[in-house]
Amino acid sequence: MPEPDQAALDFLLSRRSRPHKTLTDPVPDRDALEPILTAALRAPDHGKLEPWRLIVLERTALMRLAELVGPCGERLGRAPEEIDKQRSQYADASLAIAVICSPVESAKVPHVEQVLSAGAVCLQLLNAALASGWGANWLTGWASHDEIFAREGLGLGPLELVAGIIHIGTETNAPPERPRPDLSAKVAWVAA
């Protein structure tokens, strides 16, 4: 029988994202971010393609992105309240890390597996930040999925996409625990 890592299992059974609105300064500095980023890049990666990259967005970069949201939203026909909400995701943050899916041409590893690997990097990053004692939240939003916003704001290439934007900071107040999925409604056991 294997020996469980009870502390790790307890963390995973109780982990919870923190709403980005509850995150404030201080944020981790480069030294504090290094083990978090290192853990993130240990995500599953079929074929060792490394089909992802990270962009650490500090305060000035986030403010620049906030300014790009208005023109993007107008071009896309978004309502003013949607634009304001999306703008605040960047304007109210002090640190975020964009996880970029950068697919690699491969006859062996399908595109979908590379996208899922980038999603795994997002979860690793989120959990590593939480395990390090920071508050963290995985957000994306409609602006980050717009090709022009992604190219102009984040420098993405034609085949790249934003898998997630992980906000990290100091949590100011945690909301109450939310209901979790019912195991019996989401799991099927197949014996034969």
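The number of residues in region 1-54 being more than 27 Å from PRO175 (Cα to Cα) and in contact with a helix residue (DSSP H, G or I) (Cβ under 6 Å, 6 or more places away or on another chain) comes to 6. Return the residues of region 48-82 that are more than 16 Å from LEU154 (Cα to Cα) and either touching a residue at least 60 places away in the same chain (Cβ under 8 Å) or among the acidic types (Asp, Glu) (or both); say none if nothing qualifies. Selection gives LEU49, GLU50, PRO51, GLY73, GLU74, ARG75, LEU76, ARG78, GLU81, GLU82.
Scanning region 1-51 for residues that are among the hydrophobic types (A, V, I, L, M, F, W, C) and assigned to a loop (DSSP other than H, G, I, E, B) yields MET1, VAL27, LEU41, ALA43, LEU49. Looking across region 121-162 at every residue that is acidic (Asp, Glu) and assigned to a helix (DSSP H, G or I), the one that is farthest from the chain's Cα centre (by Cα) is identified as GLU152. Contact annotation: residue pairs with Cβ atoms under 9 Å, 6 or more positions apart or on different chains, pairing a residue in region 102-120 that is touching a residue at least 60 places away in the same chain (Cβ under 8 Å) and in a loop (DSSP other than H, G, I, E, B) with a partner that is surrounded by 12 or more Cβ atoms within 10 Å (Cβ to Cβ) and polar (S, T, N, Q), are VAL109/SER117. Residue pairs, Cβ under 7 Å, 6 or more apart or interchain, first in region 164-181 and charged (D, E, K, R), second surrounded by 10 or more Cβ atoms within 10 Å (Cβ to Cβ) and assigned to a strand (DSSP E or B). List them. Short answer, once both residue conditions are applied: GLU171/LEU23; GLU171/GLY135.
Bear in mind that the values in this text are calculations on the coordinates, not laboratory data. Treat the numbers as computed from the prediction; the structure is a model and nothing was measured. Ideal geometry is used to build each Cβ from the backbone, glycine not excepted, and the neighbour counts take in all protein chains shown.
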